[in-house]
Each structure stands twice: as C-alpha cells, then as structure tokens.
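K.L.:
The structure is given below, and queries will be raised subsequently.
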Amino acid sequence: MTTEIELQYFFDPFCGWCYASAPALAGLADQFPDRLRMLPSGLFVGGRPISSIADHAWRNDQRIQALTGQRFSKEYHQNVLLAPNGIFDSGPATLALTALGEHAATLEPRFLHAIQIARYVEGRDTSNVHEVATVAVQVAAGHAIDLTAEIFAERLRNDSDLRARALERVEDAQRRMDTLGIRGVPQLVALINGQAHVLSSEALYQGPARLVAALDELSADA
C-alpha cells in the first residue's frame, strides 16, 4: 500500500523559534519538495514599534541561541531591535513568500530561510519592503527566475490581489490551527493517508535527521 503524506508547516517569518527550526525545515524541503506546504500564520503581521518588544525579543532570542545554536548577531540586535523608529511587521515578508510561491512552491521555504538570515545574522530590516524585495529577487535568481527589486517592491506595496491571496492563506492557516487545537508557531503537521499527526516541537529543533526519522516512524505505523 502506498503511503500518502503531506507536510504542513505553520510559521511566521519573524518567529525566532521558527528560525530555530530552519535546519529541520531545510531537510524537509530537500527530501519532500512536492509534499511540503507552507502555512503562514500571520502571527506578527501588522506594524508596531519595535521598541515595544525589543527587550523581550532579545532575551528570547538569546535563549533560542543557547538551546539550539542558531545565531542571532550583534548586527541584528543593534540595527534591527534597537533601530530608532523601527517597525516590527512580518507582513512584507509574508507577501513576498506568497508572490514567490506563484512561480514555484519550492521557493517558499528557501525564501523563508533567506529572510531569516538577512534579519537575524546580517542585521537587515526585514520589515522594510525594499529589503524584503531584495532578498526575494536573490532567491528567485538562484532558481533562474529573473525579477527586479523595484518592480517586486511595488507589488508588495500596491498589489491588492497579492494582498488578498496572502490574507486568504493566513486565514486558512489559522482555521487549520483552530481545528487541530494547536497554538503558536512553528508547528509541523503530517497528514498521513489523510490522518493528521502533530509532531513534537522538540523534533523540529534537533535537525532534519531526527525529524525525518519521526516521519518514517509515523509512516510505518500508518
């Protein structure tokens, strides 16, 4: 009997714990490229002053780094969290991920990782539409898709159809989370022969080998 599997990854581009699960997600994207479905939850969509969350975010980020080894740089702390008049909004990154997905769904996890590196390691303001567009265009270029940052940024600002599709995805993710009774991100759900299995967050933070082994075990029991 053939095992049917779909992997649903719930996330937000500005979630530090989602960044912690990046190595595991990269492994899934490589091993299950056609069965990985990205579900942005909208957790941090909507602009707010970054000063309102900076101290809490940095403490949480340091804890994530200590537990998982994922790097949060001094440049990120200085240029993003302590930026005067900085804004905290994952909306532009969520829109960009949706726009790239129109070209190929496999670009979505790659863009997510690229935007995380741009923010947490390179210290770039990924609430800024131009920065987000620059990252998106670089990801697309790596897969022989020719886009320009200026035109892409204009879409992020003004494309109402793109905004509607992104909102629809966020609402779909939130409905699915409510149905499954799960809270917070990241979350990975494996649909195996139509049955939903919520994987433990511990598996997400211990790299791809641990996660693939957990999926193999679920598939074997199906």
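K.L.:
I need the full set of residues from the range 89-142 which are more than 18 Å from E154 (Cα to Cα) and not hydrophobic (A, V, I, L, M, F, W, C), in order please.
P.N.:
Across the range 89-142, the qualifying residues are T106, E108, P109, R110, H113, Q116, R119, Y120, E122, G123, R124, G142.
K.L.:
Let me ask something else. Select, from L100, L82, L107, L25, the only residue that is over 21 Å from E122 (Cα atoms), hydrophobic (A, V, I, L, M, F, W, C) and modelled with pLDDT of 95 or more. Before you say what the answer is, go through the steps one by one.
P.N.:
Details: L82 fails: over 21 Å from E122 (Cα atoms); L107 fails: over 21 Å from E122 (Cα atoms); L25 fails: over 21 Å from E122 (Cα atoms).
Only one candidate qualifies: L100.
K.L.:
Also: For residues that are assigned to a helix (DSSP H, G or I) and free of Cβ contacts under 8 Å to residues at least 24 places away in the same chain, scanning just the range 79-125, find the one that is surrounded by the most Cβ atoms within 10 Å (Cβ to Cβ).
P.N.:
Within the range 79-125, the subset assigned to a helix (DSSP H, G or I) is 79-81, 91-101, 107-120.
Next, from what is left, pick out any that are free of Cβ contacts under 8 Å to residues at least 24 places away in the same chain: 117-118.
Values: I117: 17, A118: 21.
Looking at residues that are assigned to a helix (DSSP H, G or I) and free of Cβ contacts under 8 Å to residues at least 24 places away in the same chain, I get A118.
K.L.:
Return the total of residues in the range 110-126 being of a type in the set (S, T, N, Q), within 17 Å of A99 (Cβ to Cβ) and either modelled with pLDDT under 95 or under 10 Å from the mean Cα position of the chain (by Cα) (or both).
P.N.:
Just the residues of the range 110-126 that are of a type in the set (S, T, N, Q), to begin with: 116, 126.
Subsequent filtering for residues that are within 17 Å of A99 (Cβ to Cβ) retains 126.
Keeping just the survivors that are either modelled with pLDDT under 95 or under 10 Å from the mean Cα position of the chain (by Cα) (or both) gives none.
Matching residues across the range 110-126 total 0.
K.L.:
Turning to a different aspect of this structure: Does the range 130-158 hold any residues that are surrounded by 16 or more Cβ atoms within 10 Å (Cβ to Cβ), within 14 Å of L100 (Cα to Cα) and not β-branched (V, I, T), and which are they?
P.N.:
Selection gives A133, A136, A140, L147, A149, F152, A153, R155, L156.
K.L.:
Still on this structure, I have one more. Against the conditions (1) open to solvent by less than 50 Å² (accessible area, probe 1.4 Å); (2) within 23 Å of L218 (Cβ to Cβ); (3) touching a Gly at 6+ places or on another chain (Cβ under 9 Å), where does P23 fall short? Just the number, please.
P.N.:
Every condition holds for P23 apart from (1).
K.L.:
Follow-up. From the set of residues in the range 65-78 that are hydroxyl-bearing (S, T, Y) and either assigned to a loop (DSSP other than H, G, I, E, B) or open to solvent by 10 Å² or more (accessible area, probe 1.4 Å) (or both), which is farthest from F11 (Cα to Cα)? Reasoning before the result, please.
P.N.:
Residues of the range 65-78 hydroxyl-bearing (S, T, Y): 68, 73, 76.
Subsequent filtering for residues that are either assigned to a loop (DSSP other than H, G, I, E, B) or open to solvent by 10 Å² or more (accessible area, probe 1.4 Å) (or both) retains 68, 73.
On the way: T68: 17, S73: 21 Å.
Ranking the qualifying residues of the range 65-78, first place goes to S73.
K.L.:
Still on this structure: In the range 33-64, which residues are assigned to a helix (DSSP H, G or I) and of a type in the set (D, E, K, R)?
P.N.:
Filtering the range 33-64 down to residues assigned to a helix (DSSP H, G or I) leaves 50-52, 54-64.
Residues satisfying the conditions are D55, R59, D61, R63.
K.L.:
Open to solvent by less than 60 Å² (accessible area, probe 1.4 Å) and under 25 Å from D216 (Cβ atoms) - does that describe any residue in the range 47-64?
P.N.:
Looking through the range 47-64, none of the residues is open to solvent by less than 60 Å² (accessible area, probe 1.4 Å) and under 25 Å from D216 (Cβ atoms).
K.L.:
Shifting gears a bit: Restricting to the range 181-202, name every residue that is touching a Ser or Thr at 6+ places or on another chain (Cβ under 7 Å) and part of a strand (DSSP E or B). Break it down stepwise before answering.
P.N.:
Of all residues in the range 181-202, those touching a Ser or Thr at 6+ places or on another chain (Cβ under 7 Å) come to 185-186, 192-193.
Answer for the range 181-202, where residues must be touching a Ser or Thr at 6+ places or on another chain (Cβ under 7 Å) and part of a strand (DSSP E or B): just I192.
Residue-by-condition table, conditions (1) part of a helix (DSSP H, G or I); (2) farther than 21 Å from Q8 by Cα; (3) of a type outside the set (S, T, N, Q); (4) out of contact with any Cys (no Cβ under 8 Å at 6 or more places or on another chain):
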residue: T134; (1), (2), (3), (4): yes, yes, no, yes
residue: A144; (1), (2), (3), (4): no, yes, yes, yes
residue: E154; (1), (2), (3), (4): yes, yes, yes, yes
residue: R157; (1), (2), (3), (4): yes, yes, yes, yes
residue: A166; (1), (2), (3), (4): yes, no, yes, yes
residue: T179; (1), (2), (3), (4): yes, no, no, yes
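K.L.:
If you go through the range 172-194 one residue at a time, do you hit one that is surrounded by 15 or more Cβ atoms within 10 Å (Cβ to Cβ) and within 15 Å of G101 (Cβ to Cβ)?
P.N.:
yes
K.L.:
If you don't mind, there's one more thing I want to ask. Write out, first by first residue and then by second, each pair whose Cβ atoms fall under 7 Å of each other, whose residues are 6+ apart or on separate chains, and whose first residue, in the range 160-183, is within 16 Å of E108 (Cα to Cα) and at pLDDT 95 or above while the second is surrounded by 11 or more Cβ atoms within 10 Å (Cβ to Cβ) and among the charged types (D, E, K, R).
P.N.:
Here the result reads L162/R155, each pair linking the range 160-183 to a residue that is surrounded by 11 or more Cβ atoms within 10 Å (Cβ to Cβ) and among the charged types (D, E, K, R).
The values are calculated or read from the model by the stated rules, or taken from the named source; none is laboratory data. Since the structure is predicted, the reported quantities are computational estimates derived from the model, not experimental observations. Quick reminder, even Gly has a Cβ in these numbers, built from the backbone with ideal geometry, and neighbours come from all protein chains shown. Ligands, DNA and RNA are stripped out before the accessible areas are found, and what is left, the full protein with its side chains, is counted by its heavy atoms. Shrake-Rupley method; radii C 1.70, N 1.55, O 1.52, S 1.80 Å.
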